[in-house]
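The values are calculated or read from the model by the stated rules, or taken from the named source; none is laboratory data. Everything numeric in this text was worked out from a predicted model, so none of it was measured. Heads up, the Cβs are rebuilt from the backbone with ideal geometry, glycines too, and the neighbour counts pull from every protein chain shown.
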Amino acid sequence: MKDYQAKVVSIFPVAKNIYYLLLESRELASVSNPGQFCNIKVSDSNYPFLRRPFSIADSFDDKVAFLFKVVGEGTLLLSKKKEGDLLSVLGPLGNSFFYNDDFEVGIILAGGLGIAPFYFLRRKFIEMKKSYLIFIGAKDNEMLVKYEFNEAIFATDLGDFGIKGTALDAFALYKEKLKDKKIKIFACGPNAMLQEIKKLSETLNVKAELSLEGPMACGFGICQGCAIKAADREGYYLICKDGPIFDSSKVII
């Protein structure tokens with residue numbers, strides 16, 4: 001973990017109130033892994049006081065990308081950054097996806113902004129020549145992130161783009177075709193979706209890794225604000241320190 005000064009290369013909207021932020025920092029790019037996150041200081045002043053946590057969306061060459069949604073003053077300030085601006089970026093934080101095991105097909109399930117960490121994971125799959133399928137869901141077409149995901153299977157709750165339903169509904173249509181394949185699920189999205197994926201992994205007897213979110217004020221285990229109940233032992237895990245990537249069997253969502 002280190003505090004980097006990263007330069008804004010570009011920032012642009014990719015869906016309703018959702019932005020893709022590309023930063024230049026060779027050192028940060030060289031030590032980042034899929035699933036990790038960074039805490040970004042969104043202004044040059046002390047307002048807002050706390051940094052904001054964002055999944056590392058992608059990392060390549062000397063670039064690191066983030067995907068974020070404007071939901072308050074902090075993310076609104078971030079959305080107004082310009083090319084050449086410098087940002088204080090603390091990271092990389094947390095653990096990463098484990099994508100080197102012996103599955104035959106990686107199944108990526110993303111709900112809404114949960115697509116964020118999967119640009120990077122997909123890049124690793126391609127480098128390793130791993131087969132994969134991507135299922136992306138959102139409320140409607142306006143909120144659906146399609147940027148650079150031409151191969152994905154899309155779903156919307158309203159049915160105005162792709163399959164009507166969720167990313168899980170879309171996956172259900174392909175599940176039978178994968179019955180003879182050893183699959184592993186990688187997922188990020190709302191907790192209700194992750195609860196269903198946890199059940200699905202148990203039903204199918206397959207591994208599932210979940211990228212969890214929580215109120216991570218510090219990002220490295222000091223504030224204790226992102227506790228989640230453990231399923232495999234007594235007590236709690238901290239999402240920022242023990243995660244944000246968890247085997248689905250180890251947490252109660």
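Can you find a residue that is in the same structural domain as residue 188 (by TED's automatic domain parsing), more than 17 Å from residue 34 (Cβ to Cβ), touching a Gly at 6+ places or on another chain (Cβ under 9 Å) and touching a residue at least 24 places away in the same chain (Cβ under 8 Å) anywhere in segment 145-154?
no
Under 8 Å between Cβ atoms, which residue pairs at least 6 apart in sequence (or on different chains) link something in segment 229-253 that is at pLDDT 95 or above with a partner that is part of a loop (DSSP other than H, G, I, E, B) and charged (D, E, K, R)?
239/213; 244/213; 249/232; 250/232
Does segment 190-207 contain any residue that is surrounded by 15 or more Cβ atoms within 10 Å (Cβ to Cβ), of a type in the set (Gly, Ala, Ser) and either in the same structural domain as residue 158 (by TED's automatic domain parsing) or more than 23 Å from residue 106 (Cβ to Cβ) (or both)?
Yes, segment 190-207 has at least one match.
Go through the residues of segment 179-191 one by one and say whether even a single one is in contact (Cβ under 8 Å) with a residue 60 or more places away in the chain, more than 23 Å from residue 123 (Cα to Cα) and part of a helix (DSSP H, G or I).
First pass over segment 179-191, keeping only residues in contact (Cβ under 8 Å) with a residue 60 or more places away in the chain: 181-191.
Now restrict to residues that are more than 23 Å from residue 123 (Cα to Cα): 190-191.
Now drop any that are not part of a helix (DSSP H, G or I), which leaves 191.
Yes, that holds for at least one residue.
Give segment 88-102 a look and list any residue that's of a type in the set (S, T, N, Q) and touching a residue at least 40 places away in the same chain (Cβ under 8 Å), or say none.
Kept after step one, since they are of a type in the set (S, T, N, Q), are these residues of segment 88-102: 88, 95-96, 100.
Selection gives 88, 95, 96.
Please enumerate the residues belonging to segment 160-174 that are touching a helix residue (DSSP H, G or I) at 6+ places or on another chain (Cβ under 9 Å) and touching a residue at least 12 places away in the same chain (Cβ under 8 Å).
160, 161, 162, 165, 166, 167, 168, 171 - these are the residues of segment 160-174 that are touching a helix residue (DSSP H, G or I) at 6+ places or on another chain (Cβ under 9 Å) and touching a residue at least 12 places away in the same chain (Cβ under 8 Å).
Restricting the search to segment 26-57, which residues are closer than 26 Å to residue 125 by Cα and assigned to a loop (DSSP other than H, G, I, E, B)?
Once the filter is applied, which keeps residues that are closer than 26 Å to residue 125 by Cα and assigned to a loop (DSSP other than H, G, I, E, B), segment 26-57 yields 32, 33, 34, 35, 36.
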